[in-house]
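Written below as structure tokens is the structure these notes are about.
Computed from the coordinates by the stated procedures, all read-outs in this text should not be read as laboratory data. Please read these numbers as outputs of a predicted model, since none were measured by experiment. Neighbour counts are summed over all protein chains in view; Cβ atoms, including those assigned to glycine, are modelled from backbone coordinates with ideal geometry.
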Amino acid sequence: MLMHSISLRRATPSDVAFIYSFLCELEEVTFDFDQFNSIYNRNLLHPDYHYFLAFDHDRCVGYTSVHTQWLLHHCGKVGEIQEMFVIPDYRSKGIGQLLIQQLFAVAQQEDFEILEVTANKKRFETHRFYERQGLERTHFKFVKKMK
């Protein structure tokens with residue numbers, strides 16, 4: 001695979017099937033498609049949510065998203081990477097790096113104070129990937145499932 005064959009673009013409503021399959025695989029669940037599609041289309045309209053896809057010619061090979069918000073405890077705009085996924089055949093080939101560089105460009109363009117990400121504690125390779133991209137491990141995340 002040659003990196004010059006990879007292109008990035010913003011997600012559109014017609015990309016929902018790609019993202020749905022990626023996130024079901026990432027989270028190891030099967031989401032309700034109708035609910036997923038409804039949320040996806042609502043989020044596409046939100047000016048603070050950015051979704052990007054990576055293509056090798058016509059084949060969708062990766063996806064990432066960042067949501068932004070104004071946080072008091074940072075006294076500014078913060079971006080949080082919500083999802084990052086590259087199909088197995090394309091991992092360790094620079095696709096993730098291209099996707100995160102796109103998020104870095106959004107962060108600069110929108111003047112974020114910080115860009116952060118939370119990764120499941122079992123995803124050791126993911127942790128190493130983010131560290132190689134210059135993100136620092138600084139926090140623990142605690143969650144309580146409500147449903």
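What distance in nm lies between label points placed 7 Å from Cα along the C-beta direction at residue 143 and residue 89?
Label-label distance for residue 143 and residue 89, simple model: 3.0 nm.
For the chain, what does the relative contact order come out to in percent, with C-alpha contacts under 8 Å and a separation of six or more?
Numbers: 173 pairs, mean separation 27.3, N = 147.
Result for the chain is 19 percent.
Report the charge-dipole magnitude of the range 3-132 in Debye, nearest 20, computed about the Cα centre from +1 at each Lys and Arg Cβ and -1 at each Asp and Glu Cβ. Can you show the working numbers first?
Details: 12 positive and 18 negative charges, 65 e Å.
Dipole about the Cα centre, nearest 20: 320 debye.
Can you list which of the chymotrypsin sites (Phe, Trp or Tyr not before Pro) found in the range 51-147 are DSSP loop residues with at most 11 other C-beta atoms within 10 Å?
Filter output for the range 51-147: 140, 142.
Quick one: Cα centre-to-centre distance for the range 3-67 and the range 101-122, in angstrom?
Here the answer is 17 Å between Cα centres.
Sort the range 81-147 into rounded, prolate or oblate with this rule: let a ≥ b ≥ c be the square roots of the eigenvalues of the Cα gyration tensor; rounded if a/c is under 1.5, and if a/c is not under 1.5, prolate when a/b is larger than b/c, oblate otherwise.
Oblate.
Listing 117, 29, 66 from the residue with the fewest other Cβ atoms within 10 Å to the one with the most, what is the order?
29, 117, 66
Classify the range 1-66: rounded, prolate or oblate, from the alpha-carbon gyration tensor (a ≥ b ≥ c, eigenvalue square roots; a/c under 1.5 rounded; otherwise prolate if a/b is larger than b/c)?
Numbers: a/c = 2.29, a/b = 1.42, b/c = 1.61.
Oblate is the answer for the range 1-66, as a/c is 1.5 or above yet b/c matches or exceeds a/b.
Given points 7 Å out from each Cα along the Cα-Cβ axis, report the residue 30 to residue 109 separation in nanometres with one decimal.
Between residue 30 and residue 109, the label points sit 3.7 nm apart.
Using DSSP to define loop residues, name the GluC sites (Glu not before Pro) in the range 51-147 whose beta-carbon has at most 11 other beta-carbon atoms within 10 Å.
Counting only loop positions with at most 11 other Cβ atoms within 10 Å, the GluC sites (Glu not before Pro) in the range 51-147 are 136.
Please order 84, 146 by the number of other Cβ within 10 Å, starting at the fewest.
146, 84
Give the calculated FRET efficiency between residue 132 and residue 72 to the nearest 0.05, with a Förster radius of 30 Å applied to their Cβ-Cβ distance.
It comes to 0.45.
When the Debye formula is applied to the Cα atoms of the chain, each taken as the same point scatterer, what base-10 log of I(q)/I(0) results at q = 0.12, 0.13, 0.16 Å⁻¹?
Summing over Cα pairs of the chain leads to -0.52, -0.61, -0.96.
Loop-only check: which GluC sites (Glu not before Pro) in the range 13-78 are DSSP coil with at most 16 other Cβ within 10 angstrom?
28
Quick one: how many lysine pairs does the chain have with C-alpha atoms less than 17 Å apart and a gap of 8 or more or different chains? Give me the count, please. It would help to have the intermediate numbers written out before the result.
Values: 121/141; 121/144; 121/145; 122/141.
Total qualifying Lys-Lys pairs in the chain comes to 4.
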